[in-house]
Amino acid sequence: MVGFSFSIVSCWSALGGVLVAGVTAGGPPVMIWGWVGICCVSLCVAFSMAEMCSEYPVAGGQYSWVYILSPKSIRRQFSYITGWFMIIGIIAMGATNSFIGANFILGQANLVFPAFEIQRWQTVLVAYCITFVAAFVNMWGSRILDRLSKGLLVFNIIAFIVTIATILACNQNKQSASFVFKDFQNFTGFSTSMAGIIGILQPAFGMCCYDAPAHMCEELKDASKQAPRAIVMSVCIGAVTGFIFLVSVCFCIGDITTVAETATLVPLIQIYFDSTQSNVGACFLASLIVVINFGSANALLAEGARSLYAFARDNGLPFSSLISKVEPRHQIPVVAIMLATVVQMAFNSIYFGTVTGFNTVIAIATEGFYLSYAMPLLARIITYFSGGHKQPTGPWAMKPMNSLIVNAIGLIYLLFACITFNFPSVYPVTSENMNYTSAAIGVIMFVAALTWITTAGKAFSGPDVHEVVAVAGILHASDSEEPAGQSKKE
């Protein structure tokens, strides 16, 4: 599971893909020290999730934990909201991944052919193509997904080592330690403090998706020990590799203005070129991330489609009966895959309307995940003070007061981050560069509320309570809270 953790939280490639957010808002000091701070508070979240996972090793992860931990009166509602946040995070993360791939492909084209000027519509269309490739693999190549993921894990490790070794060995004009760790850079138009807050988006995005091992519980032996360990290890491994990558890249940055305003629109490609002084070398290193990106596109679309299918099976979506259908021959949720593909493309289309569309989709993805992480922590704290608290006794259980403090720190960070993700990234703010994260989240939550009022309020059943009883041993069949007119799930 440690290897699985590294493949899930591939922080170095994620940080490289969104490096533009950090270079323009704070520069190296914000990227590096922001990363250290984000990793520390993320460990609090990870330990909280590990404690819950060791006590309740169910595949639904935070979606199921919220249902188990929340007061009975709000159990279904909290679980429903968490499910929507999870889906938003996963699908928007897939859209962000497609954006990163498109940026790196077009950035290489600009590097080799400087006369080629990258347009927003081109980026969106290439992102569409990456999503289509992932959809094709998910529908017609589902049998090879497992082998692909194992091969890409090895490739990821090799690519990390090759990238770090190459830029450090080839770069002859490294920056000073003061530039890397101290000198603040601000290209946002905002004040220094505001730019620093905006710059945190880059390291926050890099430390995401570490809940994934929890969703593998049903496929693990001794899941109450192995899955929590993988959650914590994914953060620790990601923290170390991400730090090494960021420090290496920042020492190899050339002129900071040139990097921030590079015509490739990808600062990392400019850094690769400045280090190697070769188009071939820069394109080779950039292509390593493109390969990782295509593998991630397959995995994220598969995870997004599976989440849509599972949530629809519990009647949590509009047209749930259609979305939850499984193609009988290959046993894949074709409708869910197609829906995930369309929604990812809709997120990519935001870039048509705003020059900060890339940052907006990053924020939507990170905010969706972070809100889904915050919900079980909030449920724990509510039950602690409402008198319904049951102290965990699993292998990763913490002392009661330590658990409360760690949960509180994690929750405060997640809520703070979710608020700042809605801030615009450039000043002065116009309709062209506005951050539309809050608008996008608002539209999705409106659809969720409308669905709850019309159908889900009566039909949504929440996670399978019989599974919870079997695994967690804390609920009884009488607590199933089945909606009126609905029989118990088998």
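Annotations
- Answer from Val247, Val240, Val235, Val266 - the residue that is in contact with a Cys (Cβ under 8 Å, 6 or more places away or on another chain), aliphatic (A, V, I, L, M) and under 30 Å from Phe184 (Cβ atoms): Val235
- Residue within segment 170-178 that is at pLDDT 85 or above, farther than 25 Å from Gly83 by Cα and either crowded, with 20+ Cβ neighbours inside 10 Å or charged (D, E, K, R) (or both) present: yes
- Single match in Phe273, Phe294 (criterion: over 15 Å from the mean Cα position of the chain (by Cα), farther than 17 Å from Val342 by Cα and at pLDDT below 90): Phe294
- Only listed residue being surrounded by fewer than 23 Cβ atoms within 10 Å (Cβ to Cβ), modelled with pLDDT under 90, more than 20 Å from the chain's Cα centre (by Cα) and closer than 21 Å to Met445 by Cβ, chosen from Thr354, Thr383: Thr354
- Flag if Ala302 is in a helix (DSSP H, G or I), modelled with pLDDT of 85 or more and out of contact with any Asp or Glu (no Cβ under 9 Å at 6 or more places or on another chain): no
- Some residue of segment 461-477 being surrounded by 15 or more Cβ atoms within 10 Å (Cβ to Cβ) and modelled with pLDDT of 80 or more: no
- Sole residue being at pLDDT 90 or above, more than 17 Å from Val280 (Cα to Cα), among the small types (Gly, Ala, Ser) and under 21 Å from the mean Cα position of the chain (by Cα), chosen from Ala102, Ala115: Ala102
- Meets criteria (of a type in the set (A, V, I, L, M, F, W, C), buried (at least 19 other Cβ atoms within 10 Å of the Cβ) and under 16 Å from the mean Cα position of the chain (by Cα)) for Phe205: yes
- Residues in segment 305-333 that are part of a helix (DSSP H, G or I), in contact with a helix residue (DSSP H, G or I) (Cβ under 8 Å, 6 or more places away or on another chain) and surrounded by 15 or more Cβ atoms within 10 Å (Cβ to Cβ): Ala305, Arg306, Ser307, Leu308, Tyr309, Phe311, Ala312, Arg313, Ser320, Ile323.
- Residue count for segment 397-419, restricted to those that are assigned to a helix (DSSP H, G or I) and surrounded by 16 or more Cβ atoms within 10 Å (Cβ to Cβ): 12
- Lone qualifier among Ala159, Ala102 - being farther than 30 Å from Asp222 by Cβ and either assigned to a loop (DSSP other than H, G, I, E, B) or touching a residue at least 60 places away in the same chain (Cβ under 8 Å) (or both): Ala159
- Residue count for segment 20-33 satisfying the condition of being of a type outside the set (S, T, N, Q) and crowded, with 24+ Cβ neighbours inside 10 Å: 9.
- Tally, over segment 195-213, of residues that are within 15 Å of Pro29 (Cβ to Cβ) and either at pLDDT below 80 or among the aliphatic types (A, V, I, L, M) (or both): 5
- Helices (runs of 4 or more DSSP H) fully within segment 1-49 that include at least 1 residues being at pLDDT below 80 and under 14 Å from the mean Cα position of the chain (by Cα): 2-8, 11-17.
- Contact map, segment 269-282: first residue farther than 19 Å from Leu246 by Cβ, second residue exposed (fewer than 14 other Cβ atoms within 10 Å of the Cβ), Cβ cut-off under 7 Å, separation 6 or more or different chains; pairs are Asn279/Val112.
- Qualifying residue in segment 181-204 (condition: out of contact with any Asp or Glu (no Cβ under 9 Å at 6 or more places or on another chain), under 30 Å from Met52 (Cα atoms) and either part of a loop (DSSP other than H, G, I, E, B) or aromatic (Phe, Trp, Tyr) (or both)): yes
- Test: Val124 is at pLDDT below 90, buried (at least 17 other Cβ atoms within 10 Å of the Cβ), more than 17 Å from the chain's Cα centre (by Cα) and not hydroxyl-bearing (Ser, Thr, Tyr): no
The values are calculated or read from the model by the stated rules, or taken from the named source; none is laboratory data. These figures come from a predicted structure and were not determined experimentally. Neighbour counts are summed over all protein chains in view; Cβ atoms, including those assigned to glycine, are modelled from backbone coordinates with ideal geometry.
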